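Undergrad: Can you keep this structure in mind? I'll have questions shortly.
Read the figures in this text as sums done on the coordinates, not as results from a lab. Every value quoted in this text rests on a predicted model; they were computed, and no experiment measured them. Cβ coordinates were reconstructed from backbone atoms using ideal geometry, including for glycine residues, and neighbour counts include every protein chain displayed.
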Amino acid sequence: MLANGLSLDDIGSQAFNCQACNLAKGRLNVVFGVGNPLSGAIFIGEAPGAQEDELGLPFVGRSGKLLRELMVKAGLSIDNDLYLTNIVKCRPPGNRTPSRAEIDACSYFIDSQMAIIKPKTIVLIGSLALKSILKINLPISQIRGKWLDYGSDCQAMAIFHPAYLLRFGQGLPNSPSEVTLLDLRKIYSRIDKLKSI
Ligand code: URA
């Protein structure tokens, strides 16, 4: 599928050569995205951390592994059911939050990924993704778990960032990780239902 004549691979090649902000200087790899671009679902995090930068893959560090475990528990396959990426494609030093200028410099890539994937389901992992995509500045705790309209035939849901889940015990009733598992189950239901339409 093409956007302005460009495929996802074309946009990926542009990202691998990108020098639009200072993060290019410190990166080992550009973390562009993985998964199924034809799934109709996109999961969007914040920015790569150290392990993601080393491997060139999103959500493979400590918090990423927790998110992936919860996705599997909820029935979601990254290879088949969704495309997983971040707002910012290069690692901010020391894992700091990306700056406004870095987010703006990188917005071409997430905008292009969205234009090509044409998602019917968007999952915003943490408040930076929520703010960048939906322009909503509320704490995730107030908005997570709810389907929000995004255009005419797409819905978006925000979930806690997995780095936040790591601050609490895992698997305890009502813990942020259990709440996130329930959110991911809702997301799975929607993605699964849309497969048969
Ligand atoms: N946190 C994110 O938001 N994205 C990653 O890829 C890894 C950690």
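Undergrad: Take the stretch 21-68 and flag every residue that is more than 15 Å from the chain's Cα centre (by Cα) and either within 10 Å of the ligand (Cβ to nearest atom) or not in a loop (DSSP other than H, G, I, E, B) (or both).
TA: Leu23, Ala24, Lys25, Gly26, Ala50, Gln51, Asp53, Glu54, Leu55, Arg62
Undergrad: Which numbered condition in (1) within 15 Å of the ligand (Cβ to nearest atom); (2) under 27 Å from Leu6 (Cβ atoms); (3) more than 15 Å from the chain's Cα centre (by Cα) is the only one that Leu166 fails?
TA: Condition not satisfied by Leu166: (2).
Undergrad: Still on this model: What's the number of the only condition in (1) away from the ligand (no atom under 16 Å from the Cβ); (2) part of a loop (DSSP other than H, G, I, E, B) that Pro98 fails to meet?
TA: The number of the failed condition is (1).
Undergrad: Which residues, taken from the stretch 114-132, are part of a helix (DSSP H, G or I) and touching a strand residue (DSSP E or B) at 6+ places or on another chain (Cβ under 6 Å)?
TA: Scanning the stretch 114-132 gives Ala115, Ile116, Ile117, Ala129, Leu130.
Undergrad: Okay, next question. Does Thr85 count as in contact (Cβ under 8 Å) with a residue 24 or more places away in the chain, within 14 Å of the ligand (Cβ to nearest atom) and closer than 17 Å to Pro119 by Cα?
TA: When the stated conditions are applied, Thr85 passes them.
Undergrad: State which residue is surrounded by the most Cβ atoms within 10 Å (Cβ to Cβ) when the search covers only the stretch 141-166 and only residues that are in contact with a helix residue (DSSP H, G or I) (Cβ under 8 Å, 6 or more places away or on another chain) and without any contact (Cβ under 8 Å) to a residue 24 or more places away in the chain.
TA: Step by step, filter the stretch 141-166, then rank; the result is Ile143.
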